[in-house]
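The values are calculated or read from the model by the stated rules, or taken from the named source; none is laboratory data. Values in this document were obtained by computation on a predicted structure and should not be read as measured data. Cβ placement follows ideal geometry from the backbone for every residue including glycine, while neighbour counts extend to all protein chains displayed.
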Amino acid sequence: MVRIAYFGDTEPNVVVLEPPGEPTIDIEFVDGEEERWLLMEHKGIRIYHTTRHQDMFSDYYYSTERGRDSDDSEPEVFDVSDLAPIPVEEAGNYADLFPDNDDKRLIAYAIDQGKIDEGGLVDES
């Protein structure tokens, strides 16, 4: 497998293998920006890192849109510390899904509870 990373919103370049008729290889085009910003995907909802002061990722703020700043007040940007804790009886399920990251577990639980969707935090008013 050959991975070709590209950056930006353009379509990846086409790779032509010469000469025709030779054995083919699998090529995966990877959006380098997507890969860099993406924290996780759960049930089809992508969660991205946010930036703080435009030069580094924020530690506690995430977004359902790539490229957002942690100071944005839109519902797409949220503070993970505002999410409800996972009940003890369900905690093991989320630890199995994301053994390496508490934030991912909390976000996955919030998605499962309908508190986060593709548009960010769900307004319950």
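State yes or no: is residue 123 under 21 Å from residue 38 (Cβ atoms) and free of Cβ contacts under 8 Å to residues at least 60 places away in the same chain?
Details: under 21 Å from residue 38 (Cβ atoms): no; free of Cβ contacts under 8 Å to residues at least 60 places away in the same chain: yes.
No.
Of everything in the range 76-109, what is of a type in the set (Gly, Ala, Ser) and part of a helix (DSSP H, G or I)? Give them in sequence order.
As a first pass, look at the range 76-109 and keep what is of a type in the set (Gly, Ala, Ser): 81, 84, 91-92, 95, 108.
Residues satisfying the conditions are 81, 91, 92, 95, 108.
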Just one of 75, 85 is over 15 Å from residue 38 (Cβ atoms) and free of Cβ contacts under 8 Å to residues at least 40 places away in the same chain; which is it?
85
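Which of the residues belonging to the range 75-89 are out of contact with any strand residue (DSSP E or B) (no Cβ under 7 Å at 6 or more places or on another chain) and surrounded by 13 or more Cβ atoms within 10 Å (Cβ to Cβ)? Give the derivation first.
We begin by selecting, within the range 75-89, every residue out of contact with any strand residue (DSSP E or B) (no Cβ under 7 Å at 6 or more places or on another chain); these are 82-89.
The answer is 83, 86.
Mind checking which strands (runs of 3 or more DSSP E) fall wholly inside the range 1-72 and carry at least 3 residues that are surrounded by 15 or more Cβ atoms within 10 Å (Cβ to Cβ), modelled with pLDDT of 70 or more and aromatic (Phe, Trp, Tyr)? Before the answer, list the steps.
Numbers: elements: 2-6, 27-31, 38-42, 45-52, 56-63.
In the range 1-72, the matching strands (runs of 3 or more DSSP E) lie at 56-63.
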